[in-house]
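One structure is given below, encoded as structure tokens.
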């Protein structure tokens, strides 16, 4: 499909899967980009290349992963592109970008001076869809933040790391677009920075990266908080087990003593021996408990955890 803009000053050639014959027919008219399709047609990952051999005839080509499922590595969309001032070509680009208006995009392209700026209109739409989805991510993160205070457990920690992985996916999608921005400046110099669509893409990239970095800091803070809480609880558990072991030491010690099978054991003949042994064990245990409490080694192990509290 061919679209022309700005009073036929430049064109956008858009080809889908199954239109390889039409694409090759077009490439015969433009020998400079003839090898482009052969180099990228099997590519399923990000790839960027720049040709600056002829001044005034610079072009950029490659492949871009522009949609990626958060859970499935193989579920992604890749399109191939060739950009010059006179035109740009896209192959296998799906315009079903969320919240994108095809007519509105064409209207923006009509105002673009050349094919390079027209391609940046397309990049701007892709970035806009990223930003809208990142805004939705903020709501999930807010919900997770308060769930961590209400109930801190392994399932919640798993959810925190899932959110962290999602941020890494967003960052991975932004990297090639950021590189495209710099390659355009390398190819076309400072004049490209004055173009409105390049400026819009630059702002959206910076905005998306800022949001991702801020959310990543929040996630990292939540993980550090979880580690502190887990460490504290682990220490409390070890302290509790240690105190319980110490408190039961008199029981075990006296029980071991009177469990011996020596022939001569005077206590066996005592009429009140059982009562004496019980009182001795209770007094020993109580005395040990009071000693630990006086030293402050009991801590908060006898207190229950308060609702909505990290530590108490």
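The values are calculated or read from the model by the stated rules, or taken from the named source; none is laboratory data. Nothing here was measured: the structure is a model prediction, and the numbers come from that model. In this analysis, Cβ positions are derived from the backbone assuming ideal geometry, glycine residues included, and neighbour counts consider all displayed protein chains.
Applying the selection to region 111-123, what residues are in a helix (DSSP H, G or I) and surrounded by fewer than 20 Cβ atoms within 10 Å (Cβ to Cβ)?
Residue satisfying the conditions is 111 alone.
Check whether at least one residue in region 80-87 is within 17 Å of residue 168 (Cα to Cα), in contact with a strand residue (DSSP E or B) (Cβ under 7 Å, 6 or more places away or on another chain) and without any contact (Cβ under 8 Å) to a residue 40 or more places away in the chain, and report yes or no.
There is no residue in region 80-87 that is within 17 Å of residue 168 (Cα to Cα), in contact with a strand residue (DSSP E or B) (Cβ under 7 Å, 6 or more places away or on another chain) and without any contact (Cβ under 8 Å) to a residue 40 or more places away in the chain.
Of 184, 208, which residue is over 27 Å from the mean Cα position of the chain (by Cα), touching a residue at least 12 places away in the same chain (Cβ under 8 Å), under 22 Å from residue 131 (Cβ atoms) and buried (at least 18 other Cβ atoms within 10 Å of the Cβ)?
One residue alone meets the criteria, 184.
Select, from 190, 179, the only residue that is exposed (fewer than 15 other Cβ atoms within 10 Å of the Cβ) and touching a strand residue (DSSP E or B) at 6+ places or on another chain (Cβ under 7 Å). Full working, then the answer.
Working: 190 fails: touching a strand residue (DSSP E or B) at 6+ places or on another chain (Cβ under 7 Å).
Just one listed residue meets the conditions, 179.
Within region 193-312, considering only helices (runs of 4 or more DSSP H) that don't extend past its boundaries, which have at least 1 residues that are modelled with pLDDT under 75? Write out each step before concluding.
Numbers: elements: 196-247, 249-258, 273-295.
In region 193-312, the matching helices (runs of 4 or more DSSP H) lie at 196-247, 273-295.
In this structure, is residue 72 closer than 21 Å to residue 193 by Cα and in a loop (DSSP other than H, G, I, E, B)?
Answer is no for this residue.
Checking residue 20 against (1) free of Cβ contacts under 8 Å to residues at least 24 places away in the same chain; (2) in contact with a helix residue (DSSP H, G or I) (Cβ under 6 Å, 6 or more places away or on another chain), which test does it fail?
Single failed check for residue 20: (2).
Applying the selection to region 9-62, what residues are part of a loop (DSSP other than H, G, I, E, B) and in contact with a strand residue (DSSP E or B) (Cβ under 9 Å, 6 or more places away or on another chain)?
16, 17, 19, 30, 41, 43, 44, 45, 46, 52, 57, 58 - these are the residues of region 9-62 that are part of a loop (DSSP other than H, G, I, E, B) and in contact with a strand residue (DSSP E or B) (Cβ under 9 Å, 6 or more places away or on another chain).
Any chance you could count how many residues in region 90-110 are in a helix (DSSP H, G or I) and either within 21 Å of residue 78 (Cβ to Cβ) or not assigned by TED's automatic domain parsing to the domain that holds residue 191 (or both)?
2
Any idea which residue in region 216-248 is surrounded by the most Cβ atoms within 10 Å (Cβ to Cβ), counting only those that are in contact with a helix residue (DSSP H, G or I) (Cβ under 7 Å, 6 or more places away or on another chain) and more than 19 Å from residue 141 (Cβ to Cβ)?
Among residues in region 216-248 that are in contact with a helix residue (DSSP H, G or I) (Cβ under 7 Å, 6 or more places away or on another chain) and more than 19 Å from residue 141 (Cβ to Cβ), the one surrounded by the most Cβ atoms within 10 Å (Cβ to Cβ) is 243.
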